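One structure is given below, encoded as structure tokens.
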Ligand SMILES: Cc1ncc(COP(=O)(O)O)c(C=O)c1O
Ligand SMILES: [Zn+2]
């Protein structure tokens, strides 16, 4: 099997599994228990918190453990909304192509009287900083802009966004779920007030994540119950998961530059070779993107059938076509960068990891053109494009 | 699995795929905007569909239902082909996931559109009611 769906989730590394096991079977005490056994677990928890903080140049008390990216996004935005309600500032700025963990929370806030501005991401999948500056009003409480996009991998000008937010005294949250483990992040240098991350995107376990919140940002307790996580997030801490996440996080940053160089070389080979397919186009800026992300559209074909045929060849990929999502509309991300519906249906996303090999990439380079050519040969849309009845868009 | 074995078989090895150069009728439904398009070619002799071919732009279920629909009408009299329903196609494929049912409506529509085209080309009178619900 050739696994190129690492933006969806990743393999938990053997090392991570190994360090987690003792926290299930040996140090299994509740971190809230007063006995020595519990205190040992508590010590480990606080050690983990410190180690996460160190990776992002944050303070331990600014790190909150959560159940993953979705929960962190929810809590960050809903906490900012509470601040907004108190200060009578009910305007939030985001982008058109955020993850649904952000967009659907904002939809709920809209029903509660918030105004949301959705910044354009242009054809390259990157916002213009002037657009952000123009959108900020005295009522703006929060800017929530993702670090790197999950479908097309484009990276936003985070440092400039942080600067603008600071100038206007607006909170800045970034969904860094796709960026953590792939990009260096220093929350002070980048001016980030809140950041979401999820362990399963960087070879850690599923169902565990972090919300970083700067010490002056009051979080609302959103999962209500006990007093864990400094009264901000109730529920017995998932210590084995947290231990695994920290091991995965440190491993990801240990050899970041060499890993990224290797991935970029393979990813660029995919772009170079698969761009030879006629009437194809790269989605998003080719340079300002995660080294692990490949995304292209192929005209005249539909994504789900492409994925199924690649799967028959042992290749795990993904697509933003409507028929893969269960809804009738193709991916909002591809529409946001200006792809017409009929082109957005024919998208292919390949996302690499440290386990990806050159041999696998070569096999994909052989398989994709074959499958695209076959699907075009049975496609009435391609037939019309070739006969000139329909105009090529890409 | 998302799809039944039958669906995957018809998706992987679609029957009657291709074009008929001197077709007696052509029907096409769907649009690229919403994701699925099917085109059907018919060869008709003495009111019998002696050959049928299709081309489809769409997901696995769109291609599989196209294939199955052409199998169900091949060699049949036109009057019988007109009675094809998408439920019959879906049943013949051992079912489809609920959210994929809309993709199967296409096959019934394309067959009907082709038959209507045959009637129109040959000035054969017909009841427009029979073609009222062609999917688009
Ligand atoms: C950008 C982004 N945000 C949020 C999430 C949700 O993370 P989780 O699966 O940990 O809830 C994902 C993962 O699908 C993501 O890619
Ligand atoms: Zn479909």
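For chain B, with a Gaussian network of springs between Cα atoms less than 10 Å apart, report the residue from B:120, B:98, B:36 with the top mean-square fluctuation. For chain B, modelled as a Gaussian network with Cα springs under 10 Å, the answer is B:98. Taking the helices alone, chain B has a mean residue ellipticity at 222 nm of -12000 deg cm²/dmol, built from -39,500 (n - 2.57) per DSSP H run of at least 4 residues and averaged over all its residues.
Summarised in one figure, the compactness ratio Rg/Rh of region A:222-290, Cα atoms and Kirkwood Rh, is 1.27.
The simple Förster model, with R0 at 30 Å and r as the Cβ-Cβ distance, assigns residue A:57 and residue B:2 a FRET efficiency of 0.10. Normalised by residue count, the protein assembly as shown yields a Cα convex hull volume of 166 Å³ per residue.
Rounded to a whole number, what is D in µm²/s for chain B from Stokes-Einstein with the Kirkwood radius over alpha-carbon pairs (10 °C, 1.306 mPa s)? Stokes-Einstein gives a translational diffusion coefficient of 109 µm²/s.
Extension gain, residue A:386-residue A:35: 0.36 nm per intervening residue step, less the Cα-Cα distance, totals 118.9 nm. Write down the percent of antiparallel bridges among all DSSP beta bridges whose residues are both part of the protein assembly as shown, to the nearest 5. Around 65 percent antiparallel, to the nearest 5.
Comparing B:91, B:71, B:108 in a Gaussian network model of chain B (Cα springs below 10 Å), the most mobile by mean-square fluctuation is B:91.
Efficiency by 1/(1 + (r/R0)^6): what FRET value for residue A:85 and residue A:286, r their Cβ-Cβ distance, R0 = 41 Å, to the nearest 0.05? Calculated value: 0.45.
Note down the nm distance, to one decimal, between modelled labels 7 Å out along Cα→Cβ at residue A:189 and at residue A:137. Each label point lies 7 Å from its Cα, and together they span 3.6 nm. Result for chain A in a Gaussian network model with C-alpha springs under 10 Å: among A:245, A:194, A:20, the largest mean-square fluctuation is at A:20. A Förster radius of 41 Å, combined with the Cβ-Cβ distance separating residue B:43 from residue B:87, puts the computed FRET efficiency at roughly 0.95. With helices as the sole contributors, chain A gives -13000 deg cm²/dmol at 222 nm; each DSSP H run of n ≥ 4 counts as -39500 (n - 2.57), and the sum is divided by every residue. Per residue of peptide B:48-57, the mean number of Cβ atoms on other chains within 10 Å of the residue Cβ is 3.
In region A:219-301, Cα pairs under 8 Å separated by at least six residues give a relative contact order of 18 percent.
In this simple spin-label approximation, residue A:357 and residue A:275 carry label points 7 Å from Cα along the Cα→Cβ vector, and these lie 2.8 nm apart. Between residue A:111 and residue A:129, the modelled labels are 3.8 nm apart [label points 7 Å from Cα along Cα→Cβ]. The fraction of all Cα pairs in region A:255-387 landing in successive 5 Å bins from 0 to the largest distance is 2, 11, 21, 23, 21, 13, 7, 2, 1, 0, 0, given as whole percents. Taking the number of Cβ atoms within 10 Å of each Cβ as an exposure proxy, the fewest-first ranking of B:8, A:266, B:38, A:146 is B:8, A:266, A:146, B:38. Here region A:14-254 is described by how far its Cα atoms reach on the three principal axes: 55, 36, 28 Å, from widest to narrowest.
Residues A:349, A:54, arranged from fewest to most other Cβ atoms within 10 angstrom of their Cβ, appear as A:54, A:349. How large is the translational diffusion coefficient of region A:129-188 in µm² per second when you combine the Kirkwood radius over alpha carbon pairs with Stokes-Einstein at 25 °C and 0.890 mPa s? In µm²/s, the coefficient rounds to 202.
Distance from the C-alpha centroid of region A:261-326 to that of region B:41-98: 32 Å, rounded to the whole angstrom. Over region A:161-318, the fraction of Cα-Cα pairs per 5 Å bin, rounded to whole percents and listed from the shortest bin up, is 2, 7, 12, 14, 16, 15, 12, 10, 7, 4, 1, 0.
A short reminder: the numbers here are calculations on the coordinates, not readings from a lab. Given the structure is predicted, the values throughout are model-derived calculations rather than measurements. Heads up, the Cβs are rebuilt from the backbone with ideal geometry, glycines too, and the neighbour counts pull from every protein chain shown.
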